[in-house]
Structure formats: C-alpha cells, structure tokens
Amino acid sequence: MANTTKSGLEARLRRVEDRLEIYNLIAGHPPSADTGADYYTRAIYLENGEMDLAGGKSASGNEAIAAIVRTAEHQAAIAGGLAHFAGLPHVTIDGDKAVVVSYVQILTPHPTAEPVEVPGHGASRGFRAHRVGANRWELERTAHGWKIKRRTTRSLDGSEPARELLRTALKAFEPAR
C-alpha cells in the first residue's frame with residue numbers, strides 16, 4: 001500500500017522531481033553537443049567531473065570536458081550536420097547518488113546517397129548511423145541540483161565492455177545467487 005501521509009507524499013514527490021530533473025539533464029546532452037554549447041556542459045558536470053569516451057578520449061574537470069565541443073574537429077562535425085540521437089535513459093536513484101544508463105547514436109547526413117522523396121516532407125539523401133554507444137552517467141545531488149560526476153561511453157561494436165555497461169541498468173532484476 002502506498003504511503004499517503006504528508007511526509008510520505010513529500011518523499012514520493014521528491015523522487016518524481018529528482019527523476020524529471022535527471023531526465024532533463026541527460027536530454028540536454030544531444031542539443032548541447034550538436035550546438036557546441038560548452039556552457040551547458042560546464043554547468044552540468046561537477047567541477048572535478050570525468051568523462052571517458054574510450055579510445056583514449058577522456059577529460060577531467062568540467063572546464064576540460066566543456067572544451068571538447070569547442071575543438072576544431074567537433075566544430076567541423078557540427079558544421080557537417082552532426083546529430084546525437086539519444087534513447088530514453090534508465091535511471092536508478094539511491095539517496096544523493098544516481099546512475100543513468102542510456103544509448104546514443106551519432107547520425108550524420110549521407111551526402112552520397114540517392115535522394116528519396118517522402119510525401120509531404122520533401123526529398124533528402126538521408127542520414128547514416130555513424131556510431132551507436134552505451135553511456136553510463138554517475139550523478140550526485142548538489143546544492144545546485146543533480147550534476148554529473150562521471151560519464152563512460154562504450155561503442156556497441158560487439159565487445160564486452162559495452163554490454164557490461166548496459167547490464168548495470170538491470171542489476172536490480174538479477175536473480176539472487
């Protein structure tokens with residue numbers, strides 16, 4: 001039976017508000033990456049936050065993480081039509097800590113494809129999925145809301161590290177051993 005006392009309702013409301021804040025924080029990643037909004041990235045990571053994108057691409061500190069979208073390479077990708085497309089995240093909250101597991105696709109325009117006409121939507125050469133990755137976001141509640149402590153991304157290329165990262169979303173459902 002659900003707890004309907006005032007303190008019980010307040011606790012339930014806080015859990016809902018936490019989840020919505022975390023959803024919005026994670027949902028802001030694609031538009032910030034695709035527009036070079038370094039200010040957003042700086043604001044959502046802890047000052048000593050970490051990012052591990054694999055392949056030797058990592059950064060420590062919210063300033064260094066935010067600087068990634070200002071690089072010439074990232075700016076060229078944006079100018080070429082870069083699109084981060086995220087799936088609905090799985091959120092696990094434990095007090096003042098949370099773990100989010102999500103997918104992200106990196107889509108790019110397909111300039112050499114034959115144009116395809118879609119009724120009422122015009123013609124397009126379409127997009128190609130450049131990469132699909134699994135993300136694990138570790139968050140902490142601060143006086144200024146939820147912030148990212150660490151983001152780990154692994155490419156879904158058939159390797160075990162990506163699958164293991166995704167399994168962390170399912171831990172609560174594992175049978176007892």
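I want the local charge near GLY133. Using Cβ-Cβ distances under 13 Å, sum +1 for each Lys or Arg and -1 for each Asp or Glu among the other residues. Once all neighbours under 13 Å are counted, the net charge is +4. Of all DSSP bridge pairs formed entirely within the chain, close to 90 percent run antiparallel.
You can think of it this way: the chain between THR112 and VAL16 has 30.0 nm of extra reach, that is 0.36 nm per residue less the Cα-Cα gap. For the chain, the number of Lys pairs with C-alpha atoms closer than 17 Å, counting only pairs eight or more positions apart or on separate chains, is 4.
Springs between Cα atoms under 10 Å define the GNM used for the chain, and in it the highest mean-square fluctuation of ALA113, ALA43, ALA86 occurs at ALA113. Of the solvent-accessible surface of the chain, computed with a 1.4 Å probe and all protein chains present, 57% belongs to carbon and sulfur. A 1.4 Å probe run over region 26-151, with the rest of the protein chains in place, finds 55 Å² accessible per residue.
Across all directions, the average flat footprint of the convex hull enclosing the Cα atoms of region 123-177 is 7.6 nm².
Net length available on complete extension from ARG131 to SER60 is 23.2 nm, with 0.36 nm assigned per residue and the Cα-Cα distance removed. Computed over region 25-67, the percent of Cα pairs more than 13 Å apart is 51. The structure-derived value of Cα extents along the principal axes in Å appears in the list [x] 61, 39, 38; [y] 77, 35, 28; [z] 50, 36, 26 under the label [x].
The values are calculated or read from the model by the stated rules, or taken from the named source; none is laboratory data. Since the model is a prediction, treat every value here as computed from it, not as a measurement. Neighbour counts run over all protein chains shown; Cβ positions are idealised from the backbone, glycine included. The accessibility values were calculated without ligands, DNA or RNA, using every heavy atom of the protein model including side chains. Shrake-Rupley method; radii C 1.70, N 1.55, O 1.52, S 1.80 Å.
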